[in-house]
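The values are calculated or read from the model by the stated rules, or taken from the named source; none is laboratory data. Remember, predicted model here, so these are calculated numbers, not experimental data. Glycine also receives a Cβ, built like all others from the backbone with ideal geometry; neighbour counts cover every protein chain displayed. Calculation scope for accessible area: heavy atoms of the full protein, side chains included, ligands and nucleic acids excluded. Shrake-Rupley method; radii C 1.70, N 1.55, O 1.52, S 1.80 Å.
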Amino acid sequence: MLTGLVAQPWWVNLLVLVPPLAWFSWRRGGVSLARRQLLVAGVFAGSFGFLEAVVVVYLRAVTGLLPGYQGTLSDVVRMSGQYYQQSQAISQFPKSLLTLEFLREAATILMLLSVALLTSAHSRARVAVFLWTFAIWDIVYYAALWATVRWPHSLSDPDVLFLIPVPWLSPVWFPLLVSGLVLAAVLLSRVSPPKS
């Protein structure tokens, strides 16, 4: 169980500062993004979030960390509530799969970064799109896990957020809060680009 600060290691808690710092840095000139840019990036991020959730379900099932995986999805849903503990499961991963999980996370960041780089030529907009896609991806990831295996049971359930460079642990509500604040910061800072 997590003690002291919300997330571990301690510096993960600093992520809550990203949305207000982004908004503060963008508030003067705004971020020039068209609705279409945010919509297309959001569709990518939502689709990718669902895909990531499915991969996690498959990975847990294959490694035996998701009881009921040999049955139907409804069996997984029924049994996952009793056993699914992300923060404990990471230590049970075989070393080779842990390496693949590390590389999958790095690929996730690179994919989200690529979308941001393709969206705009301006660095402010690129940062905003990266944060936007990351936030949508994260929210859809948790929603898809809940929809498929009914996890998390509550927003206070512990989760392993990332493995890079070390495992990041926090209750589920923490990344969802940061993601919600990011979406608000981007929307409040967005200005329509000039017509060309």
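Here are a few things to note about the model shown:
- Segment 123-169 - percent of accessible surface contributed by carbon and sulfur, probe 1.4 Å: 73
- Placing dummy labels 7 Å off each Cα toward the beta-carbon, the span from Leu155 to Trp10 is 2.7 nm.
- Gain in span if fully extended, Arg27 to Val43, counting 0.36 nm per residue against the direct Cα distance: 3.2 nm
- Computed from the C-beta positions of Ala106 and Val55, the FRET efficiency with R₀ = 22 Å rounds to 0.95.
- Other residues within the sphere of radius under 14 Å centred on the Cβ of Glu105, judged by their own Cβ, net out at -3 (K and R +1, D and E -1).
- Using θ = phi - 60° and Karplus 6.51 cos²θ - 1.76 cosθ + 1.60, couplings along segment 133-146 (whole Hz; Gly, Pro as x): 5, 4, 5, 5, 4, 5, 5, 5, 4, 5, 4, 5, 4, 5
- Amide H contacts for Ala7 (H built 1.01 Å from N in the peptide plane; partners 5 or more residues away or on another chain; cut-off under 5 Å): Asn13.
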